[in-house]
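To start, the structure itself, in structure tokens.
The values are calculated or read from the model by the stated rules, or taken from the named source; none is laboratory data. Every value quoted in this text rests on a predicted model; they were computed, and no experiment measured them. Glycine gets a Cβ as well: all are built from the backbone with ideal geometry, and neighbour counts include every protein chain shown.
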RNA sequence: GGACUCCGUUAUAUGAUCGCGGUGCGCGAGAGCGCAAUGAGGAAAGUCCGAGCAUCACAGAGCAGGAUAGCUGAUAACGUCAGCCGAGGGCGACCUUAGGGCAAGUGCAACAGAAAAAAUACCGCAGCGAAAGCUGUAAGGGUGGAAUGGCGAGGUAAGAGCUCACCGGAGUGCGGGAGACCGCACUGCCGUGUAAACCCUAUCCGAUGCAACACCGAUUGGUGCGGAGAGCAACGCGUCUGCUCGGCGCGCUUCGUUGAAAGGUGGCUUGACCCUGCCGGCGACGGCAGGGCUAGAUAGAUGAUCAUACACGACAGAACUCGGCUUAUCGACGGAGUCCGAAU
RNA sequence: UGGGGCGUCGCCAAGCGGUAAGGCAGUGGACUCUGACUCCACCAUUCCGAGGGUUCAAAUCCUUCCGCCCCAA
């Protein structure tokens, strides 16, 4: 992992299955109507984002919809996270069956209300 | 005006701001940045068929297994499509159709019924007989999904293709057609259904799939496993514990083994392609000319917010690529035609 | 992405052309002072996951969908 800070890509993506299972096991769990979020602090670099859209969310269109909403909301809220604390975190968002019906703004509000206080 | 039939097109649009993917150009040592144009479907879906492509196997032929089943054509190919034939439905436009062979063989036909394919006769009918019964019958009744072709007349003791007409079916001949098949004539009086039962006949089929496969990369490298050592000083993780302290293990070094499995790149989008016009064909489709380039991701790109308009937006998201089929779907529009009613 | 399998009563299931066994559970009764055990009876409404077809007749054969599970990576 290169530590070069770049302006464009503010966050990285969690790819490996090991990271996901690690977060499910050890991460702090935040549950709300739109999603379930697992958080775990990490050492440095960027915040990392992983999104899980299981089969129960719906068909491919609904899964895509859920993924895009969460990604967009995270893109907007990521600078807010960084302002609050210098620590960096791994996030895994799990979409629920209701997620595709939400608006992006609602997801953003849920994130700022439920996830933001947990970062410290 | 009403009720329908068939075919085709389309699948919110426009603008602003912030983002994403690859591509091109420019800048930069590099990471990357800037600009530009561009970026899901009619089904992208189900994976039900058929091909391309790749690897492996392969002298030839056959068996097994599977698929298809009217004819002629279209096509790279098909279980697809077109036209036609037969059958069925509709007043009609038109629609539906797995539609070879039970007269090669085998099986099955529950219950009911006398009898279910081999023959026979329950109630009957007629003759003989005092009666019991014997003989002749299969018209009628009854059972069943199906009962020895149907119906009428003659005939007869009563009956029967016993005889005849018409119809259905079979055989032969002639004519028409590319063929399925159709028409006519004659002969003759005929063993039911089931092959989406086994089977027979004809035709076709090697296997596996892009996670295929190819290349890069070789000891200061790298995947997994195991052994040994150092250190728990710091940091992170695991574990022992309800929590803290603390202990142990992992990370670090090294040896052995594993030997491309891991990683990266290609395959990956110029193709049986799309659009327009002309020609051939009833049509599926084919030919010629001109023009076009129109996603290519790899944890997986199309989004968010705002504004305006209206019909207030259905089903739904590419993952190697095509040709079909099947299924889901709010609607809108166009063309051709049929029937009924009214008026002229 | 490719391949394979299964849907039958509330649960577990047999049946694979002739009208749906059995067990558990449930309901009613008998036995008992009462309960358990045991015994008897009832329990699939022509809806065997759904639609269409073949057949005289389909849970069974053919076909198209729906749902679930497993395997290769």
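Would you check which residues across the range A:6-23 are surrounded by 15 or more Cβ atoms within 10 Å (Cβ to Cβ), more than 8 Å from RNA strand B (Cβ to nearest atom) and either in a strand (DSSP E or B) or modelled with pLDDT of 65 or more (or both) and list them? Correct list: A:11, A:12, A:19, A:23. Would you check if residue A:115 is within 19 Å of residue A:12 (Cβ to Cβ) and not in a strand (DSSP E or B)? Yes: the conditions hold for residue A:115. Checking each residue in the range A:80-102 for being over 11 Å from the mean Cα position of the chain (by Cα), within 11 Å of RNA strand B (Cβ to nearest atom) and touching a residue at least 60 places away in the same chain (Cβ under 8 Å) picks out only A:102.
Table: residues versus (1) closer than 22 Å to residue A:116 by Cα; (2) surrounded by fewer than 14 Cβ atoms within 10 Å (Cβ to Cβ); (3) at pLDDT below 80.
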{"residue": "A:45", "(1), (2), (3)": "yes, no, yes"}
{"residue": "A:64", "(1), (2), (3)": "no, no, no"}
{"residue": "A:70", "(1), (2), (3)": "yes, no, no"}
{"residue": "A:76", "(1), (2), (3)": "yes, no, no"}
{"residue": "A:92", "(1), (2), (3)": "yes, no, no"}
